Ligand SMILES: Nc1ncnc2c1ncn2[C@@H]1O[C@H](COP(=O)(O)OP(=O)(O)OP(=O)(O)O)[C@@H](O)[C@H]1O
Ligand SMILES: Nc1ncnc2c1ncn2[C@@H]1O[C@H](COP(=O)(O)OP(=O)(O)OP(=O)(O)O)[C@@H](O)[C@H]1O
Ligand SMILES: [Mg+2]
Ligand SMILES: [Mg+2]
């Protein structure tokens, strides 16, 4: 792993060192998704605090505690654990390492422990905005989504928010828009089956759907990559701004339904360094990513409407109607 | 005469040096090749191996973790082995294990009024039963409908995955919890640790010994072996091919299901789909590494368990990606089975361990 | 002009055996050379080397004056060598045509010219008077027919040298006569022929020269003019062999096994046994003679519980045997030496010891309840191996390490060890050498003398004639005659077998 | 025609064609779309099954198909990026497939190893190598684009379903049809099948068993390379760890389901593809509200039911899995 050279690894656990450890979920730090974002956030945090950052990748979900302990035993100051599956292991570890601050990405922290901060996001809001944009952009009035497994809460919230946003736009525009969200059936490949994502996107495109939202690891990436090959379509990425992480999708990638993970992690690390980090939950920002090169394809009035709605959604003024 | 008999019987237990040395040399050779890969990436192999093996075997916690990992591997290896002995290639261990894991988790949280000992037995029994059920479907279709077990077990893996996901995310889901998982099993049904050793490991080793004894010394074992080697002659000798196939698949599934149960009751304490991935396919590797011998599986499982347990430490200390373990595994299997090393030892047979799809 | 085939100083070692030890041999155009020797003497090895299938350790093999290259079977075939192998080299799921053209397919463009191939087979079959159906699938054919296909395969390219490794083992007397005729004609037209057979009268009938191998060494050469069958046998074995079976008069007892109106279907669901009535007495050997494929196999399998009965019944000591599985039939008191020893008789990766108790593995003394008694199994093995003269370094070697003759001894030993009232032996000496045949024959007679009712099914008419007390001739799925063996006429039975009345 | 009526496949085809035609009359657009997507679901599975058929017809069991697909798709991706040419990427992927196959042949033909182990080694090796050397953040220079075949693509229904794909898909069809004809109508096919059924029969007829096995396994590897390339260079356009998601194992089942016959396996794969596309369609239309898991397991359940009813006693090539020892038998 790359290390920030401001201080050396050997200093971790000593007075003047500030060390950050990242424990990934089953994925890898280069997964173009939240593991990667968390690691980027940790690196940025290390930079800002002149600290040192390091990661360990989990290969078996039974190893969460062990992997966290690798950092805890070395006296790391902050440990970032990634993914909702690690929530319990994080809380348990927090009790064991009271001097370490834990940041649980995507983990709702219901515990009273004082050294855990859950970094959570309202995915439904991001999904809502994506749906709203899509509703305003569609020409065929058919909008689709190719998602991972519905049983995974963020995926469901993205999907339902997306549909709510489409419905909202449709009502506003006074027309009917068909929206179809397809979830990967099940199984161990739900988030790693790009071929399924691509074919399923094709199926939607073939039936006149002109905007595809891909949300579900590389399965979703397969869908937006496929969409990029059909002229006159848009696709929407997920989690982080996928403009750079899935460059293949650039021809259609109008935006991404973003959870500002990198920023959230960075901010929390800085707060931990300052001693201002609060236990409990920290709701990270959500929103739509930049339009990048497709900005010109989004009419100014639509951009304005999206900006307006974003303000309402983020402030909570407009509810998505999706149950948590 | 009796001296002759004793000599012959003794011969069975005597192993030639090759059978010990070949695996050891294979592991070393594989590590050597992997070192080159690490050097290529500018990493330090000595540090990596040191950290890998210290983590896996260097402390009592490490050994406990290793054995914990080895436990389901032994059981899934045994499941594959039993199938292969009867001429069946059970690729469905993954599905059987999952269904056993879910069933035992359910028994572990939903049945709350049982005395602890009975509760543990019932939960293990549920695991066995539901694994066996999945195995038995494949066994029935093979024995009585002639449908190839490789097809059915592959299909059943996906089917079980779907059903288990559904159950864990709807009827059996932990209330007020967004995740796809069951509630935790109650305290009293958890498998205890003997010091640092997980009791599940003893279950696995006991089962391995039991299978070794049954296959080698009982008429039931003789039936399984006979059907696996020549089912026509077995039938001629009065062994029901269909029944044997059916029961072999059933027990194979049951053992796999038990693997899931032991994992649930001893390690994870609940069912969560992502917890058990990959164990089924590792079972195939381990069965082959152990030369389709119930006892041979144990060292193989410990080795793989250890490497998996130490992989994160290796990454932490030496920056080596944990995937290196897969590469090591592939090369060990290659060196053990290819006549690259074994040809230097007499007696090391190159016998076929599996019958392809043929039986 | 050099000889057609020149083998000089060929040596081939296998682990622990010298299969061929410095063997030299020539075969000239137009002559028939018979190669004799016991099982394992090295005959097949030598000729496989000639065909490019086995690589000799030293020595040279020349065909038409030029040395052959090991592994280049295609080249050897191209030089006009045809070989009929000891074990069928036919692909069971393919047709006769496909099997014959394999390796030299007529083509039209990229594809096989199936019509040309078919026509070629028909022409070939006509030319040698060996009738076959070009479209039949091999596995549906009786073995005699399969052997015909093998022979046609070898004759397809205009052969100069024809190698025949035990071609007559599965043929009827008539078919053998036809084949011997083909051999004579080929020799007349200048083809050189090497013939391996265990049947000495065939050697006497066609060979110009005889070469004998023993233990891998060439131990002698002679010609039918200079010696007789007994002389040949002695050269092979190195001692004198009793070719004629010694048997006393049968002490025929009560009827033990009765077959009534039995009808049986074959694998293709055709009626193969068309109503057979038979009775078998204790203390006699009933020989069932017949051309293979006339229902004998199905008859035996139906009696022994290996095949469903369409109608009719089988009574053992007056009790119907209804439970149709081989083991139950065995329990009821019928022991059976199955025709296909590799498929049904043995588990070849098991030890000889386990094979010797295969059908009693769960009974005392070999199992105590659920647990197998390995000592009892070992004791039985050591004793039986000694008693039945099974040639092996250890009773705990795998059965696959045995020669065919010794494998057969294992099966026979197992079936005879229980002294059951009925013994059904199907083709018990097929492909077995003279020494082992002698032994197995004596065992059958010993069983009879102990009071067993023995049914011997064999395609070998001489075997039937020399062992049986009564002879049932089977043809077209029916027993066409039951004769007393005393004074039975070989030719008459041959005609009955061929389906000719009188 | 007469022989057609006797063929079982003819009735299967009818059983699909009649309801399809009915559906087509109901909603031509959706029916066409479902079928053309079914083809994209089916092709990788069918090609992967061809890899199996090529090997097993000559008697080599190959359970390393998954590994072959994984590694070849990986190589196709990075080679195309490195050389900036998808064509070169495709060629290198085929070469990689051949190389993997040669390893399989070395292990199973020359070293006479247990073939299931040999295949397992390929699988683990590919998993390890690809995830160890994976580097993210690369992008293909371009992809094999959809190229409707002039004329043919205008045929109603069939034009959309079969003739509006990319070149690798067309190549896939060519490979499958060629393999079918080659296997049953050429001398190569006759010899290959003979080697798979009874190697010593082939050997004694002058056919070199090892050579043919090496050749066929190598060609199978090339087909694996085509399949991997199709997945990455035509269908998806990006690569990630675990990219092939178990297709190589499903293909094994389809190969057996299709009775080791290229057209049979293609039909089996189509059946599978249709179930998946159909399952998607149910979700697109939102007409039914059954849990996605149950929709998802539908194809697998169907395969089992069909096989259980038709009681498919399948017979694999007889010599499969057994190393051949020259001069024995
Ligand atoms: N593939 C082999 N591997 C090892 N040893 C072999 C092999 N084939 C033959 N042998 C040895 O070579 C000797 C000669 O065998 P061969 O098959 O030539 O005998 P044969 O004379 O043809 O006997 P038969 O009458 O049984 O056909 C045998 O005794 C055996 O020990
Ligand atoms: N692979 C092998 N390894 C060692 N010995 C072998 C091998 N194959 C055959 N033999 C030996 O070769 C001898 C005869 O071999 P062969 O294959 O000709 O047997 P067979 O023809 O079935 O026997 P028979 O001619 O008696 O029916 C036997 O002694 C056997 O042990
Ligand atoms: Mg022989
Ligand atoms: Mg021979």
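The values are calculated or read from the model by the stated rules, or taken from the named source; none is laboratory data. Computed from a predicted model, the values in this text were never measured in an experiment. Using ideal geometry, Cβ is built from the backbone for each residue, glycine included, and neighbour counts are taken over all protein chains shown.
Report yes if residue B:272 is surrounded by fewer than 22 Cβ atoms within 10 Å (Cβ to Cβ) and either touching a strand residue (DSSP E or B) at 6+ places or on another chain (Cβ under 9 Å) or on the phi < 0 side of the Ramachandran plot (or both), otherwise no. Considered against the rule, which asks whether it is surrounded by fewer than 22 Cβ atoms within 10 Å (Cβ to Cβ) and either touching a strand residue (DSSP E or B) at 6+ places or on another chain (Cβ under 9 Å) or on the phi < 0 side of the Ramachandran plot (or both), residue B:272 comes out as yes.
Considering only residues of segment B:166-191 that are within 14 Å of chain D (Cβ to nearest Cβ) and assigned to a loop (DSSP other than H, G, I, E, B), which is modelled with the lowest pLDDT?
Among them, the one singled out is B:180.
Test residue B:152 against the criterion of being within 14 Å of chain D (Cβ to nearest Cβ) and assigned to a helix (DSSP H, G or I), and give yes or no. For residue B:152, the condition - within 14 Å of chain D (Cβ to nearest Cβ) and assigned to a helix (DSSP H, G or I) - is met. Looking across D:245, D:202, one residue alone is without any contact (Cβ under 8 Å) to a residue 40 or more places away in the chain and assigned to a loop (DSSP other than H, G, I, E, B). It is D:245. Hey, any hits in segment C:41-50 for a residue that's assigned by TED's automatic domain parsing to the domain that holds residue C:202, more than 15 Å from residue C:163 (Cβ to Cβ), within 16 Å of ligand 3 (Cβ to nearest atom) and in contact with a helix residue (DSSP H, G or I) (Cβ under 8 Å, 6 or more places away or on another chain)? So far as segment C:41-50 goes, yes, one or more of its residues are assigned by TED's automatic domain parsing to the domain that holds residue C:202, more than 15 Å from residue C:163 (Cβ to Cβ), within 16 Å of ligand 3 (Cβ to nearest atom) and in contact with a helix residue (DSSP H, G or I) (Cβ under 8 Å, 6 or more places away or on another chain). Taken together, the residues in segment C:22-54 that are away from ligand 4 (no atom under 16 Å from the Cβ) and in a strand (DSSP E or B) amount to 5. Screening residue C:488 on (1) within 16 Å of ligand 4 (Cβ to nearest atom); (2) more than 15 Å from residue C:292 (Cα to Cα); (3) more than 14 Å from every other protein chain (Cβ to nearest Cβ) shows it passes everything except condition (1).
Scan A:281, A:273 and give me the residue that is away from chain D (no Cβ under 14 Å) and part of a helix (DSSP H, G or I).
A:273
Scanning segment C:179-206 for residues that are under 19 Å from residue C:462 (Cα atoms) and surrounded by fewer than 21 Cβ atoms within 10 Å (Cβ to Cβ) yields C:180, C:199, C:201, C:202, C:204, C:205, C:206. Within the set B:203, B:227, B:160, the sole residue that is surrounded by fewer than 24 Cβ atoms within 10 Å (Cβ to Cβ), in a helix (DSSP H, G or I) and touching a residue at least 60 places away in the same chain (Cβ under 8 Å) turns out to be B:203. Within segment C:1-13, being part of a strand (DSSP E or B) and out of contact with any helix residue (DSSP H, G or I) (no Cβ under 8 Å at 6 or more places or on another chain) holds for C:6, C:8, C:9, C:11, C:13.
Taken over segment B:263-279, the criterion of being assigned to a helix (DSSP H, G or I) and facing chain A (nearest Cβ under 10 Å) is satisfied by B:263, B:267, B:268, B:273, B:274, B:275, B:276, B:279. A single entry from B:41, B:94 fulfils the requirement of being over 24 Å from residue B:211 (Cβ atoms) and either within 14 Å of chain A (Cβ to nearest Cβ) or surrounded by fewer than 17 Cβ atoms within 10 Å (Cβ to Cβ) (or both): B:41.
Select, from B:141, B:84, the only residue that is within 9 Å of chain D (Cβ to nearest Cβ) and touching a helix residue (DSSP H, G or I) at 6+ places or on another chain (Cβ under 6 Å).
B:141
Do we find a residue being in a helix (DSSP H, G or I), away from every other protein chain (no Cβ under 13 Å) and away from ligand 2 (no atom under 12 Å from the Cβ) anywhere in segment C:424-439? Yes, some residue in segment C:424-439 is in a helix (DSSP H, G or I), away from every other protein chain (no Cβ under 13 Å) and away from ligand 2 (no atom under 12 Å from the Cβ). For the condition within 13 Å of chain D (Cβ to nearest Cβ) and within 22 Å of residue A:85 (Cβ to Cβ), residue B:163 qualifies.
A quick yes/no check of all residues on (1) surrounded by 20 or more Cβ atoms within 10 Å (Cβ to Cβ); (2) within 13 Å of chain D (Cβ to nearest Cβ); (3) under 17 Å from residue D:190 (Cα atoms):
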residue: C:81; (1), (2), (3): yes, yes, no
residue: C:86; (1), (2), (3): no, yes, no
residue: C:135; (1), (2), (3): no, no, yes
residue: C:153; (1), (2), (3): yes, yes, yes
residue: C:162; (1), (2), (3): yes, no, no
residue: C:174; (1), (2), (3): no, no, no
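Tallying residues that are more than 10 Å from chain D (Cβ to nearest Cβ) and in contact with a helix residue (DSSP H, G or I) (Cβ under 7 Å, 6 or more places away or on another chain) within segment A:16-32 yields 9. Of all residues in segment C:56-80, exactly one satisfies the criterion of being within 20 Å of residue D:201 (Cβ to Cβ) and either touching a helix residue (DSSP H, G or I) at 6+ places or on another chain (Cβ under 7 Å) or within 16 Å of ligand 2 (Cβ to nearest atom) (or both), namely C:73. Residue C:60 meets the conditions (1) within 16 Å of ligand 1 (Cβ to nearest atom); (2) free of Cβ contacts under 8 Å to residues at least 60 places away in the same chain; (3) within 24 Å of residue C:217 (Cβ to Cβ) in every case but one. The failed one is (1). The set of residues from segment C:130-179 being more than 16 Å from ligand 4 (Cβ to nearest atom), modelled with pLDDT under 85 and closer than 26 Å to residue C:28 by Cα comprises C:157, C:158.
In contact with a helix residue (DSSP H, G or I) (Cβ under 6 Å, 6 or more places away or on another chain), within 14 Å of chain D (Cβ to nearest Cβ) and in a helix (DSSP H, G or I): does that describe residue A:219? Can you show your working first?
Numbers: in contact with a helix residue (DSSP H, G or I) (Cβ under 6 Å, 6 or more places away or on another chain): yes; within 14 Å of chain D (Cβ to nearest Cβ): yes; in a helix (DSSP H, G or I): yes.
Taking the combined requirement at face value, the residue satisfies it.
Applying the condition of being in a loop (DSSP other than H, G, I, E, B) and closer than 16 Å to residue C:128 by Cβ to segment C:161-185 and asking which residue is farthest from ligand 2 (Cβ to nearest atom) yields C:171.
Evaluating residue D:50 against the criteria (1) closer than 19 Å to residue A:194 by Cα; (2) within 14 Å of the chain's Cα centre (by Cα) leaves one unmet condition, (1). Within segment C:363-381, the residues that satisfy the criterion of being within 8 Å of chain B (Cβ to nearest Cβ) and either surrounded by fewer than 18 Cβ atoms within 10 Å (Cβ to Cβ) or more than 18 Å from residue C:348 (Cα to Cα) (or both) are C:367, C:370, C:371, C:372, C:374, C:375, C:379.
Can you name the residue in segment C:402-415 that is more than 16 Å from ligand 4 (Cβ to nearest atom) and closer than 15 Å to residue C:347 by Cβ and, of all such residues, is farthest from the other protein chains (Cβ to nearest Cβ)?
Among residues in segment C:402-415 that are more than 16 Å from ligand 4 (Cβ to nearest atom) and closer than 15 Å to residue C:347 by Cβ, the one farthest from the other protein chains (Cβ to nearest Cβ) is C:410.
Criterion first (surrounded by fewer than 23 Cβ atoms within 10 Å (Cβ to Cβ) and in contact (Cβ under 8 Å) with a residue 40 or more places away in the chain) does residue C:335 satisfy it? No: the conditions fail for residue C:335. Selection of segment C:37-54 for residues being over 14 Å from residue C:216 (Cα atoms) and in contact (Cβ under 8 Å) with a residue 40 or more places away in the chain yields C:50, C:51, C:54.
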